[in-house]
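Below is one structure, written out as structure tokens, with a few remarks after it.
The values are calculated or read from the model by the stated rules, or taken from the named source; none is laboratory data. Fair warning: this is a prediction, and the values are worked out from it, not measured in the lab. Cβ: placed from backbone, ideal geometry, glycine included. Neighbour counts: every protein chain shown. Just the protein is used for accessible areas: all its heavy atoms, side chains included, with ligands, DNA and RNA removed. Shrake-Rupley method; radii C 1.70, N 1.55, O 1.52, S 1.80 Å.
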Amino acid sequence: MQKKSIFQCRFIFLATLCLSVSVSVSPTHAQLVRDLPEPASGVKAKSVAFAKQYMVAAAHPLATEAGLEILARGGSAIDATIAVQLVLNLVEPQSSGIGGGAFMLHFDAAKKATVAYDGRETAPMLSTPKLFLGEDGKPIRFADAVRSGKSVGVPGVLRALEAAHAAYGKLEWAALFQPAIRLAENGYPLSARTVQQASGTQNSVLMQSNPATKAMFFNADNTPKAAGTIIKNIALANLLKRIAKGGADAFYIGETARNIATAVGAHVRPGVLSEGDLAGYRTRISEPVCGLYRTYRVCGMSMPSSGGVAIVQMLGVLERFDMGALKPNSAEAIHLFSEAGRLAYADREKFAADDRFADVPVAALISADYLRARSAMIRTDKTLGRAPAGTPVNVKTAFAGDATLSETGTSHISIVDAAGNAVSMTTSIDASFGSLIFVDGFFLNNQLTDFSLAPADADGNAVANAVFPGKRPRSAMSPMLIFSKNGELTMSIGSALGSTIINQVAKSIVGVIDWKLDMQAAISLPNIGSRNGPTDLEKNTPAEKTATALQALGHEVRIADIPGGLQGILRVPEGWQGGADPRRDGLAKGK
């Protein structure tokens with residue numbers, strides 16, 4: 001398949017026009033504050049971004065600008081990722097930050113090699129499979145588990161970024177902290193999305209009980225601060241200065257580590273995280289999980305991220321169908337896509353877990369023979385309903401199903417640098433504002449609630465994704481890198497929004513490869529699909545019109561807001577296209 005048939009020749013002329021306009025990558029602080037676009041509300045139109053040299057797609061304009069500032073100085077994709085993550089921690093504190101974890105894929109253009117960095121949180125060493133059980137032996141309420149010290153895993157994002165910088169960084173570590181420190185000290189505008197989430201009923205009560213978060217998000221009369229209010233975060237600025245000077249050790253050993261352990265242990269529902277857990281955290285570096293779709297090589301994260309396997313499975317199941325002959329947003333296309341999702345999520349529920357603690361048959365789950373057999377289950381005239389998990393070869397242990405769904409406090413970063421190196425990183429503190437435990441200017445995660453709250457089912461069968469000391473919880477985060485048949489990088493993409501991430505990323509890949517859409521158009525497609533339950537259709541989009549036709553095929557249809565969080569970059573003949581989710585505040589921009 002030739003490039004021009006994939007990426008729509010009509011965009012070549014537009015790209016040439018856009019590339020003739022110079023891009024300012026280091027505007028003043030006042031300019032950035034003044035020029036912030038209005039946050040997306042619903043699926044508004046966004047124009048695809050074009051760049052010849054490099055590009056950043058992130059969930060907030062100030063974070064995108066920080067990445068561009070670093071790339072303009074000759075920094076690598078990894079350097080820019082670090083700057084973007086630190087600014088996201090500041091301006092989008094409900095979604096990600098140094099109190100959480102991340103999964104990252106890095107592509108080395110010179111070597112044509114991809115490596116996976118697992119910065120996922122780990123369970124403290126004093127954890128037990130009964131961590132979330134009450135005195136009656138039953139799981140405590142999920143909401144109580146989330147907003148507690150019990151839910152806090154050992155943060156991993158800084159160690160992962162440090163390891164990647166040691167291998168692929170070009171600029172000094174300390175230089176990458178300057179954009180975030182500058183904003184934290186000089187001030188930045190509260191986004192409408194942050195205000196909305198901070199002032200939600202439960203969050204509002206808990207935040208106002210903490211003097212530090214009350215001062216940041218609320219006025220003296222307890223009303224929420226207005227969107228656009230300029231605020232500062234001096235505590236985080238001071239911490240970032242220490243980490244810039246002392247490396248990640250300044251976070252994992254010493255004052256901040258003590259503050260984290262103390263805050264977790266002092267909660268009304270205390271956790272067991274210790275200073276020793278923080279000091280002992282290590283990043284896991286591994287090979288990505290890869291499979292073929294049409295003529296492309298699709299690569300994602302290894303376990304305990306279930307996204308890499310699930311997306312390779314969905315695409316493999318769809319391989320025998322001519323998706324390109326179907327119209328986007330048609331009932332026929334949504335039916336097939338949803339059926340593929342049912343099969344992938346059924347396997348995810350049973351098998352996905354930290355593969356150092358459970359036998360996860362990754363190779364068998366993505367083998368061509370297995371996917372052909374799974375695909376044969378799909379009928380064009382009737383839904384599967386709730387799909388059963390498969391029986392891949394070489395399964396040594398029978399696990400009970402675990403339907404635990406991850407929360408929504410997540411963000412995604414896609415970056416390509418001037419040398420063609422690329423990053424796809426999904427980063428999270430899990431729920432909105434994580435555990436709501438606030439330490440030294442940042443929020444701690446609640447990622448341990450991504451484990452099954454119950455270690456076994458009602459019949460006593462063990463759950464693969466049960467809590468265990470040092471174990472990493474299952475995740476739906478799905479950073480992906482996609483390559484042409486000759487090994488050339490084609491796309492970097494990923495998303496936010498909990499367990500819907502897998503479907504969001506998969507629909508965008510289908511949009512580009514099968515429907516020949518540009519990166520922005522593929523991201524803007526309605527969010528659809530099944531997580532082996534109802535078939536979800538995004539409210540107030542063209543997908544909603546297919547409800548009756550899908551119901552006639554037996555689908556239980558659920559129409560709802562699915563606010564997404566996709567960011568992506570796509571190679572085109574002139575350079576790069578970028579897209580950011582119109583449902584949120586993101587921006588794709590380059591030079």
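Which residues, counting only those in segment 515-525, are in contact with a helix residue (DSSP H, G or I) (Cβ under 8 Å, 6 or more places away or on another chain) and open to solvent by 10 Å² or more (accessible area, probe 1.4 Å)?
W515, K516, L517, D518, A521, L525
Of the residues examined, S127 is one that is of a type in the set (S, T, N, Q), open to solvent by less than 30 Å² (accessible area, probe 1.4 Å) and not in a helix (DSSP H, G or I).
Per-residue answers, yes or no, for (1) surrounded by 22 or more Cβ atoms within 10 Å (Cβ to Cβ); (2) of a type outside the set (S, T, N, Q):
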site: G137; (1), (2): no, yes
site: G156; (1), (2): yes, yes
site: A167; (1), (2): no, yes
site: K170; (1), (2): no, yes
site: Q178; (1), (2): no, no
site: Y188; (1), (2): yes, yes
site: Q196; (1), (2): no, no
site: N210; (1), (2): no, no
site: K232; (1), (2): no, yes
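The numbered conditions (1) open to solvent by less than 20 Å² (accessible area, probe 1.4 Å); (2) assigned to a helix (DSSP H, G or I); (3) touching a Gly at 6+ places or on another chain (Cβ under 8 Å) are all true for G568 except (2).
Look at G169 and say whether it is touching an Asp or Glu at 6+ places or on another chain (Cβ under 6 Å), at pLDDT 95 or above and not aromatic (F, W, Y). Quick ask: steps written out before the conclusion?
Values: touching an Asp or Glu at 6+ places or on another chain (Cβ under 6 Å): yes; at pLDDT 95 or above: yes; not aromatic (F, W, Y): yes.
It is true that G169 is touching an Asp or Glu at 6+ places or on another chain (Cβ under 6 Å), at pLDDT 95 or above and not aromatic (F, W, Y).
G511: part of a strand (DSSP E or B), modelled with pLDDT of 95 or more and open to solvent by less than 10 Å² (accessible area, probe 1.4 Å), yes or no? Answer is no for this residue. When each of R294, R342 is tested for being of a type in the set (K, R) and either modelled with pLDDT under 95 or surrounded by 21 or more Cβ atoms within 10 Å (Cβ to Cβ) (or both), the lone residue that passes is R342.
Segment 150-255 holds helices (runs of 4 or more DSSP H) entirely within its bounds, and those carrying 1 or more residues that are β-branched (V, I, T) map to 157-168, 178-186, 192-198, 201-208, 211-217, 234-246.
The set of residues from segment 288-298 being closer than 13 Å to Y117 by Cα and assigned to a strand (DSSP E or B) comprises just one member, V289.
Annotation note: of L273, L278, the sole residue that is open to solvent by less than 20 Å² (accessible area, probe 1.4 Å) and assigned to a helix (DSSP H, G or I) is L278. A192 meets the conditions (1) under 13 Å from S432 (Cβ atoms); (2) open to solvent by 10 Å² or more (accessible area, probe 1.4 Å) in every case but one. The failed one is (1).
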